[in-house]
Amino acid sequence: PAANRVTATIGVPGGAFGIVVAAGTVWVTQFLPEPDPGHVARIDASTNRLLSPVEVPNLPGAIRYGQDAVWVTSRFTVSRIDPHTGAVTQPLHRAGDVRAVGGGALWGSYANSATDAGVQRIDPVTGQVVATIRIPNGVLIAFGLGTLWVAQDASSIASGGNAPDRTEPGKLYRIDPATNRVLGRPVP
């Protein structure tokens, strides 16, 4: 970052889908043609060497770090990986996905229908959904400054017909993790 230049290029089979850094290791979800099992690549951050990959139940997608664990969203499950050993220590079968970690919880999204969608607060130990917050089309989720932030995708909000309504912007929601409630008014 000081010189703003590339210092190493590390090839990852299947390419990189998602990347996090934990315990001195770079964790990369790979897009490989065979769906089962899935693989998460590991790169030693000090040597840039590929380490042995970690297997997850199926094709991995989003990857997040927090609560001293690497969380990998795959089809139909979320895997908890110990960042120190690389062991998959806890598959969460009840959680749909993990898009953010913070406030003592995992945060994912849900969609039961076009009108019943939003954010789920998930207990990282049990995998149980402990709260749902209705925010239609809340697709980008991040935790920072002690708050959960959810950005709504306006391009997928129907205007009554079959085409998206591009005249209204999406909104940015701020959620208090202590109460699971939207703070203030969403910002367009």
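General remarks:
- Apart from one condition, His93 fits all of (1) open to solvent by 70 Å² or more (accessible area, probe 1.4 Å); (2) over 21 Å from Thr126 (Cα atoms); the exception is (2).
- Scanning the range 118-135 for residues that are open to solvent by less than 60 Å² (accessible area, probe 1.4 Å) and touching a Gly at 6+ places or on another chain (Cβ under 7 Å) turns up Gly118, Val119, Gln120, Ile122, Ile133, Ile135.
- Test: Pro53 is out of contact with any Cys (no Cβ under 8 Å at 6 or more places or on another chain) and without any contact (Cβ under 8 Å) to a residue 24 or more places away in the chain: yes
- Pick from the range 148-188, criterion touching an Asp or Glu at 6+ places or on another chain (Cβ under 7 Å) and surrounded by 15 or more Cβ atoms within 10 Å (Cβ to Cβ), ranking: modelled with the highest pLDDT: Gly170
- Single condition Phe76 does not satisfy, out of (1) in contact with a strand residue (DSSP E or B) (Cβ under 9 Å, 6 or more places away or on another chain); (2) farther than 29 Å from Gly184 by Cα: (1)
- For the range 22-59, a residue qualifies if it is under 17 Å from Gly96 (Cα atoms) and open to solvent by 10 Å² or more (accessible area, probe 1.4 Å), and the qualifying residues are Pro57, Asn58, Leu59.
- Whether a residue is closer than 23 Å to Gly127 by Cα and either surrounded by 13 or more Cβ atoms within 10 Å (Cβ to Cβ) or of a type in the set (Ser, Thr, Tyr) (or both) was assessed, and Val12 does not pass this test.
- Any hit, the range 77-89, residues being open to solvent by 60 Å² or more (accessible area, probe 1.4 Å) and in contact with an Asp or Glu (Cβ under 6 Å, 6 or more places away or on another chain): yes
- Within the range 1-51, being assigned to a strand (DSSP E or B) and of a type in the set (Asp, Glu) holds for one residue alone: Asp44.
The values are calculated or read from the model by the stated rules, or taken from the named source; none is laboratory data. Keep in mind it's a predicted model, so treat the numbers as computed, not measured. For neighbour counting, all protein chains shown are included, and Cβ atoms are generated from backbone atoms with ideal geometry for every residue, glycine included. Heavy atoms of the whole protein, side chains included, go into the accessibility calculation; ligands, DNA and RNA do not. Shrake-Rupley method; radii C 1.70, N 1.55, O 1.52, S 1.80 Å.
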